[in-house]
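Report on one structure; see the data block that follows.
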Amino acid sequence: MKLSHFLLSIIFCSQINNLYSQDTYIRPGLSIINIDFNDSKSNLNIQSVESPKNFDFLNINVSNLSVETSSPKKKLLSEIAKSENPLAGLKGESKSSIAERNNKILETFISNKVSNKAVLAAVPIGEDGNYNFQFVLDRGVNTASDQDVNLTSQDMMGDKGSLQDRFLYLTEKAINSNYVIAFNMPNFLSYSDETSYGLEGVIHYFVFKIDNVYDADSGGLIYAESEINNSQIGAKVITSKSFTSTSTNSKDQSLNKKLGILPKSNEELASELQNLLMQKIWEYNLREVDEFKPKTTLKPKNKINLGTKEDLKIDNRFQLYENVLSKSGEIVKKKRAMLRVKKVGVNDGLASGDSDLTKLYKIGYGKSQEGMLVVQEEDKGIGVSVGYGTLSWLRLDYRLKGITPGLMTFIDVHPYPGKVEFTDYFYENGLLGSVASAGSSAGWDISDDFSAFGFNLSLGFEKQTYFSSALYISPFVSGGISNYSISGQIASRTVIFDEKIEWSDEESDIYNAYFVTGGLRVGLQLTNTASINLSIAQSAVVSGGWKDAKIVYSIDDEVIADGWNIGDPTGEGFSEESDQEYIDAFYNTSIDQLPTAPAGLLYNIMLRYEF
Amino acid sequence: MKTKLILLSFLMCGLLFFQSCSSSKPATSYNYELSCNGVGVEGVYLVKCYSYGSTFEKARQNVKKDAVHGVLFKGVSANSIKKCKAQSKICNVTYAENKEWFDNFFSSGQYLQYVTLSNDGNVSSSDRIKIKGGYKVGFTVSVKSDELRKRMEKEGFAKKMNVFDN
């Protein structure tokens with residue numbers, strides 16, 4: 001397109017400037033660079049960074065920016081563990097320190113003309129020495145949402161303006177929505193804890209918004225081609241944040257060996273760690289930076305003009321707002337309802353105005369009506385449930401977005417910590433009974449200083465299906481483990497030697513079983529984020545069950561003998577008892593309020609909150 | 001005397017009752033805000049019309065009628081941001097003077113041939129405002145002002161434009 005045509009179009013388009021409000025969305029233009037500090041050089045390979053589709057990635061002619069200041073303080077887990085006062089490591093920097101550093105960074109950013117280069121990334125200068133507006137037009141076509149296109153399709157000439165003319169109007173937004181993200185990612189450090197080893201890293205990032213350089217009313221770009229390089233183009237830091245993460249291999253590789261899985265190499269660990277850090281950044285951007293939140297106007301039947309181009313996924317969360325005239329005469333935005341994505345419309349490429357629409361479904365209460373403002377305000381997708389029943393009383397769930405609406409994975413926990421009361425029967429039967437009967441006459445001091453611990457842990461999947469915005473059912477399946485064990489000292493004698501009788505550390509289980517559970521939850525939303533759930537499930541043991549436990553006799557901490565507790569006495573001690581009914585009966589008689597392993601028909605009622 | 005007073009009282013009440021019945025509301029109420037919204041081609045007014053309705057849909061239903069009514073009887077106010085000037089009203093008569101004709105013009109839907117919703121009827125969320133008892137919604141509308149003027153001139157409700165006038 002010739003420049004003259006473009007300018008003519010600008011004049012035309014400027015007449016319809018501000019026809020639509022700021023409540024529309026265009027994918028932000030984004031350039032990324034490295035930033036080096038006095039104490040921290042960034043080693044991020046910019047080429048390896050993959051930006052979400054929600055941004056329009058631009059190529060800026062800057063690789064590194066050096067700033068004469070120190071990097072943000074963000075301690076790694078290994079550093080916190082080593083420090084004398086670990087809690088101090090968790091404390092963040094003061095706001096004034098952050099502001100001071102950000103000002104210094106911004107000063108360097110502007111004086112190094114990074115803003116100018118970001119503008120040239122958005123509107124490059126062609127071989128003929130003029131701005132390449134065809135590049136801008138191509139961007140406009142592919143970054144605009146269908147809502148923008150619809151709101152510029154007005155009947156100006158007794159006929160609709162051409163698609164190209166309408167997109168030209170969007171160039172103002174495309175050029176002015178220009179951001180630069182600067183990353184500082186120092187070399188990763190090695191990491192190790194009790195169970196794993198690998199790498200640990202930190203990343204600091206700063207988001208710059210380049211000042212507007214395009215004004216349709218003034219005839220286009222504020223800076224001529226000849227002056228763009230030497231002009232002082234401003235910017236501002238709209239957010240900055242640091243994240244840490246680890247990427248590890250398990251120290252116990254026995255299971256992986258059986259499965260033929262090799263531990264991750266150093267390169268693989270580094271690549272995984274970089275991806276984890278980047279994921280945190282993009283998720284934070286979407287949740288916390290207003291400028292990056294896709295927004296549009298709600299169409300009839302809870303549909304919107306956003307889709308795959310804006311990187312929407314099934315179950316992404318949107319908040320619905322309505323403009324309300326207040327008593328004081330001001331127009332204020334009021335939150336009306338919460339919605340999630342049910343089906344993502346495919347709107348990649350040219351925004352024609354009639355691309356696929358994305359379908360939303362409402363969660364909880366409030367009204368959703370055509371014309372309201374819809375803003376993507378992503379949640380963490382983590383739900384916490386607490387309640388009462390035979391199934392479990394604590395559940396954590398995580399929403400698996402992008403697969404099918406309402407799909408979640410969950411972990412059910414049902415711990416029974418604390419001391420369990422043993423009956424006299426316990427002290428009168430089995431090997432322990434033999435010890436106890438000898439009692440004080442043989443010099444044994446029955447310490448009774450032992451306890452039972454039980455837990456029930458399962459991992460599963462569920463899928464919520466809403467009948468109405470407030471009522472849903474959620475079928476679920478899970479598999480897990482139930483375990484009860486006894487530990488501690490039974491008796492001691494110090495007449496001649498230091499003698500002890502204890503429960504074995506290795507054979508301390510009295511119950512260990514794997515089970516599967518299937519069931520159904522019925523949920524009622526109390527608010528948009530809180531609900532009450534009634535679950536009913538059938539659980540069945542697939543392997544394992546009741547077990548005998550071992551008792552160990554030691555002198556001066558040297559193991560002399562061990563023996564099963566409730567098996568039949570033999571010449572060499574007690575044999576292991578394996579009769580399920582017998583052991584079940586034994587422990588049910590000898591332990592008061594024996595925790596019941598979940599089996600058969602189970603139920604619970606829980607209060608759930610989703611973050 | 002007492003009987004006369006009672007009769008008189010009944011008569012007064014009856015009169016008041018019939019009076020209240022006879023003061024019926026107009027068939028259509030026109031409540032809107034109209035401003036120019038850009039420079040259209042010659043013979044077309046591009047206007048932003050904020051209409052009112054108990055629901056969003058009712059406001060949408062009212063907007064075309066409101067826009068034509070405004071162009072005929074109120075004129076279009078200027079908008080410096082959009083760089084467009086005010087337009088004077090087309091009719092030199094009032095609605096009330098020719099109530100029967102205009103009631104028919106609007107109720108029969110004849111006005112619809114002079115007006116179209118722009119932007120395919122799409123509205124930005126900032127143009128949809130909840131107010132007490134309903135909604136105020138801003139639509140972009142184009143009104144074929146030249147054709148509308150010719151019709152009004154033909155009916156004798158507008159003075160013929162001097163061809164040399166702008």
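The values are calculated or read from the model by the stated rules, or taken from the named source; none is laboratory data. None of the values given here were measured: they were computed from a predicted structure. No Cβ is skipped: glycine too gets one built from the backbone with ideal geometry, and neighbour counts run over all protein chains shown. Please note that ligands, DNA and RNA were not included when accessible areas were found on the heavy atoms of the full protein model with its side chains. Shrake-Rupley method; radii C 1.70, N 1.55, O 1.52, S 1.80 Å.
Per-residue accessible area for residue B:74 at 1.4 Å probe radius, Å² rounded to 10?
Accessible area of residue B:74: about 120 Å².
Per residue, what accessible area does the stretch A:475-554 have, given a 1.4 Å probe and all protein chains present, in Å²?
With the other protein chains kept in place, the stretch A:475-554 gives 42 Å² per residue.
Ignoring ligands, DNA and RNA, how much accessible area is buried between chains B and A, both sides summed, with a 1.4 Å probe, to the nearest 100 Å²?
So the buried area, both faces added, is about 2500 Å².
Over the whole of B:126-135, what's the average partner chain Cβ count within 10 Å per residue? Rounded to a whole number, please.
For peptide B:126-135, the averaged partner shielding equals 6.
Give the distance, in whole Å, between the Cα centre of the stretch A:510-550 and the Cα centre of the stretch B:77-107.
71 Å
How much length is gained on full extension from residue A:468 to residue A:289, taking 0.36 nm per residue of separation minus their Cα-Cα distance?
Result for the pair: 61.3 nm of gain on full extension.
Give me the net charge for the shell around residue A:110: Cβ to Cβ below 12 angstrom, other residues only, Lys and Arg +1, Asp and Glu -1.
Details: positive: A:104, A:113, A:117, A:236; negative: A:107, A:211.
Taking every Cβ under 12 Å from that of residue A:110, the sum is +2.
Once R0 is set to 22 Å, what does the formula 1/(1 + (r/R0)^6) return for the Cβ-Cβ distance between residue B:54 and residue B:33, expressed as a FRET efficiency to the nearest 0.05?
0.80
Could you give the length gained on full extension between residue A:520 and residue A:254, defined as 0.36 nm per residue of separation minus the Cα-Cα distance, in nm?
Contour length minus Cα-Cα distance gives 92.1 nm.
Would you kindly derive the ³J(HN,Hα) couplings of the stretch B:92-101 from the backbone phi angles with the Karplus curve 6.51 cos²θ - 1.76 cosθ + 1.60 (θ = phi - 60°), listing them in order in whole Hz, with x for Gly and Pro?
Result, rounded to whole Hz: 9, 10, 9, 4, 5, 5, 10, 4, 4, 5.
Cα extents of the stretch A:258-411 along the three principal axes, largest first, in whole Å?
Principal-axis extents of the stretch A:258-411 (Cα, largest first): 68, 51, 29 Å.
Using the scaling law 2.2 N^0.38 Å as the reference, what is the normalised Cα Rg of the stretch B:65-139?
Normalised Rg, Cα atoms only: 1.31.
Can you work out the FRET efficiency for the pair residue A:343 and residue B:153, with r the C-beta to C-beta distance and R0 = 60 Å, to the nearest 0.05?
With a Förster radius of 60 Å, E is 0.65.
I want to check the label-to-label distance for residue A:82 and residue A:365. Put each point 7 Å from Cα in the C-beta direction and report it in nm to one decimal.
Those two pseudo-labels are separated by 5.4 nm.
Give me Rg/Rg_expected for the stretch A:488-567, where Rg uses Cα atoms only and Rg_expected = 2.2 N^0.38 Å with N residues.
Dividing the Cα Rg of the stretch A:488-567 by 2.2 N^0.38 Å gives 1.95.
Calculate how large, on average over all directions, the projected area of the Cα convex hull of the stretch A:196-304 is; give the answer in nm² to one decimal.
On the way: hull surface 55.0 nm².
With every direction weighted equally, the projected area is 13.7 nm².
Report the label-to-label distance for residue B:100 and residue A:63 in nanometres (one decimal), using points 7 Å from each Cα along the Cα→Cβ vector.
8.8 nm
Give me a single rounded figure for A:100-108: the average over its residues of other chain Cβ atoms within 10 Å of their Cβ. Walk me through the numbers on the way to the answer.
Values: counts 0, 0, 0, 0, 0, 0, 0, 0, 0.
Counting other chains' Cβ atoms within 10 Å and averaging over A:100-108 gives 0.
Using a simple spin-label model with points 7 Å from Cα along the Cα→Cβ vector, what separation in nm is obtained for residue A:231 and residue A:332?
Result for the modelled spin labels: 4.0 nm.
Using the Karplus equation 6.51 cos²θ - 1.76 cosθ + 1.60 (θ = phi - 60°), what ³J(HN,Hα) coupling, rounded to whole Hz, does each residue of the stretch A:240-250 give in order, writing x for Gly and Pro?
Once rounded to whole Hz, the list reads 8, 7, 10, 10, 10, 6, 10, 10, 9, 10, 6.
Using 0.36 nm times the number of residues separating residue A:576 and residue A:494, minus their current alpha carbon distance, what extension gain do you get?
26.6 nm
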